[in-house]
Structure formats: C-alpha cells, structure tokens
Amino acid sequence: MDDLRTKYLEAIAGAGDESALEDLRLQAVGKKGEVSLKMRELGKMTPEERQVMGPKLNALKDEINSALSAKKSALADAALDERLRTEWLDVTLPSRPRRQGTIHPVSQVTEEVTTIFADMGFAVAEGPQVEDDWYNFDALNIPAEHPTRTEMDTFYMHKAEGDDRPPHVLRTHTSPVQIRAMQEQGAPIRVIAPGRVYRADYDQTHTPMFHQIEGLAIDRDISMANLKWCLEEFCRAFFEVDKVELRFRASHFPFTEPSAEVDLRCSWEGGTLKVGEGDDWMEILGSGMVHPHVLRSGGIDPDQWQGFAFGIGIDRLAMLKYGIPDLRAFFDSDLRWLRHYGFASLDVPSLAGGLSR
C-alpha cells in the first residue's frame, strides 16, 4: 500500500502535461487501475481483513485523486502564465468591421413626415388597429352600402356564436383616430395619425397591410387656403426642394366636403423623379374640408367649428422619394435591398434632433 502511494504521488508530481496526468489517473484509479483492482479484492477477504484494508484503500484513492486535481490546476496555471508571458495584444489596433443594422424605409419616412408636421404644430394621435365598424365607417359618413364595407375590401374579425358585440374590422385607414382624438380633446385641435392599415388588395402598388398618415386641423376660421399652404410646406420639406406646385382636383370622399385629390407638378428624367418642375402631374394624396357629420361624430358643433383633413400613404412617399419601384419589396427583402437604397444605420431621423439625412 505504501509502495503504491509513493509510486503514484511521485509520478503525479513529476507529470509534465495534462496528457501524462490522465495516463497516471487511468493507471491508478481508472476502471482497471492498480488501486481499483486492489479494491475489488476486498470481496475475497475476511470481514476482519476488510475492516482494516477498506479504509486504507479508500484513503489512498482519495489522496491520489486530490493529488491529480492539484497537479491539473498547477499545470493550467503554468500554461496561462506562459501565454501571458509570450502573447501580446495591441489594444490600439482598430476592431474588426461589424455588420450594422439599418432603419427600414417605412420607419424613416414615418419619422420624417411626423417631424415635418410637428414643426407646423401637429401632435401625434394613436388608436387601435382593430376597430368597430362605427368608428371605421359610420362616424366617417361612409354609408352601409358603400363598396369598401364588403368583405372583398375589408378584413372583418371573426365573431364567436353568441357574441352580440358590433362588427369589428382591421382598420382600413387611420381616420378613426381622428374621431377618437376629437372626442377626447374637442376643438380646436391639430393632430396627425400615423399607423398601419389593412385592405384586401395585393399588387405592385398595394399590399394587404400598409401605412398611412392622416392629418386633421379644426378651428373657427380654417379654410381650404390653410390646407393648401400646409400641404405645400410639407412637400417642400419632405422632397427637399424650394419650388412646389400643387393642383387640387375636385373629388369625392364621404368624410370631407368639398373634397380634392392633390397632384404634384413633377418630371421623370431617366426614371428619376424631380419635384417642382416639368410638365407631368402626380397624384400624392386626398384631402378636403371635414364633413359636418364627421364633426358631430367627434362631438364638435359644425356650426361653430370647421377644419380640413388629408391622408397620405407613407409607403407611397418612400417609393417616390427613394426610387423604390415595388411596394411589396418593403416587406419581403433583406438588408442588401435596404443598403441598395441608401438606408444605413446612421440614417435615423429624430424628433428631438431633426433629420440626419
């Protein structure tokens, strides 16, 4: 027993690396090691002999395992000391380049538009994306027979049997936010309502989910002239040009009277849009004076107050400003597509600090 102890403790102390140490472990206390084989012989001994040899063998095994563990730690410390002595890291070298994320065009344009209107005194209003049909249609003077209220154009929420609540839809525009804002704030009011909207449509310029921003301004003496100025200032700031010419065409929207489609003078040279010059006109939004029925739905007396409203497609604005040809690419493309159109991680607009582009 003493010979085994001396043999292995000296060998462990002299082991030069972890491989030699593992070989010694197997020779001593491994499944077929010398100490393990000695412990198997306990079964052949008399009870008196086992009482003497059992504790001695267990003590030897524990001592060898402790020596192995201590030597392993010493070897690891020595290896670390050697690495620290021989290796050197130059902390002044530049780091490896890392791929950066990008801001999505829809997010960037939303903040650009929000910032511009904030400078004109418009606050941001928000509302639910799942609306009951009163807010989405009736309050906005959209009659029951209007084609947009069919399931071919609008996503209706499923109703369980016995559910007697009014029909709910995925909102088809952010105009319901205007009703809620009027009910909560009253008049005068000046808000914009950006957000997701949903319609059953899908092609190069339409997707089932897209983004709108709508504006509402109500006061005692607001007119179409105020609307025209507001939209001209917006176009100048958004398209970053000094000269803007808008054309108002009479149209019909249930929630405004009179209503107007707004066209922007532009030209297309080599596939590039130039705003404020040329002989072409491009429709960019719908607008008009808020219908009296809509004012009443918002709890505002149309005999005392009047105002204008407008609606702009955020995705459409991004396509025009950044030359993106297909609306569907906004939702099924990767970072290479974003970088192609110049959307890098630093192109992040901010309401506090202005636009960084």
* Structure fact -> Of every Cα-Cα pair in region 11-114, the percentage lying beyond 20 Å is 65 percent
* Asked: In region 140-171, what trypsin sites (Lys or Arg not before Pro) fall in a loop by DSSP, with at most 13 other Cβ atoms inside 10 Å?
  -> Lys159
* Counting DSSP beta bridges with both ends in the chain, the antiparallel % (nearest 5) -> 95 percent
* To do: For Lys71, go through the lysines and keep the ones whose alpha-carbon is under 20 Å away, minus same-chain ones fewer than eight residues off.
  => Lys7, Lys61
* To do: Treating only the Cβ atoms of Lys and Arg (+1) and Asp and Glu (-1) as charged, compute the dipole magnitude of the chain about its Cα centre; round to the nearest 20 debye.
  => 1500 debye
* **Highest-fluctuation residue, Leu75, Leu227, Leu140 considered, GNM on the chain with Cα pairs under 10 Å** => Leu75
* To do: Determine the per residue accessible area of the chain with all protein chains present and a 1.4 angstrom probe, expressed in square angstrom.
  => 57 Å²
* For Thr154, enumerate residues with amide H under 5 Å from its amide H, sequence gap 5+ or separate chain, H modeled in the peptide plane. => Ala200
* To do: Excluding Ser287 itself, calculate the net charge of residues whose Cβ lies under 13 Å from the Cβ of Ser287, where each Lys or Arg counts +1 and each Asp or Glu counts -1.
  => -3
* **Accessible surface of region 1-85, 1.4 Å probe, proportion on carbon and sulfur as whole %** => 52 percent
* To do: For region 78-151, just run the numbers: alpha carbon Rg, then divide by 2.2 N^0.38 Å, N being how many residues it has.
  => 2.56
* Structure fact -> chymotrypsin sites (Phe, Trp or Tyr not before Pro) in region 89-173 lying in a DSSP loop, each with at most 12 other Cβ atoms within 10 Å of its Cβ, come to none
* **Label assignment, volume of the Cα convex hull per residue in Å³ derived from the structure, set [x] 312; [y] 183; [z] 141** => [x]
* Gaussian network model of the chain, springs between alpha carbon atoms under 10 Å - residue of Asp138, Asp163, Asp326 with greatest fluctuation -> Asp163
* Asked: Around Arg296, with a cut-off of 14 angstrom between Cβ atoms, what is the net charge of the other residues, counting Lys and Arg +1 and Asp and Glu -1?
  -> -4
* Asked: Counting other Cβ atoms within 10 Å, which chymotrypsin sites (Phe, Trp or Tyr not before Pro) in region 191-289 have at most 14 and lie in a DSSP loop?
  -> Tyr202
* State the volume of the convex hull built on the alpha-carbon positions of region 163-268, expressed per residue in Å³ and rounded to an integer. => 162 Å³
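The values are calculated or read from the model by the stated rules, or taken from the named source; none is laboratory data. Here the structure is a predicted model, which means the values were calculated and not measured. Positions of Cβ are generated from backbone atoms using ideal geometry, with glycine treated the same way; all protein chains shown enter the neighbour counts. For the accessible areas, the whole protein counts, side chains as well, though only heavy atoms, and no ligand, DNA or RNA atoms are used. Shrake-Rupley method; radii C 1.70, N 1.55, O 1.52, S 1.80 Å.
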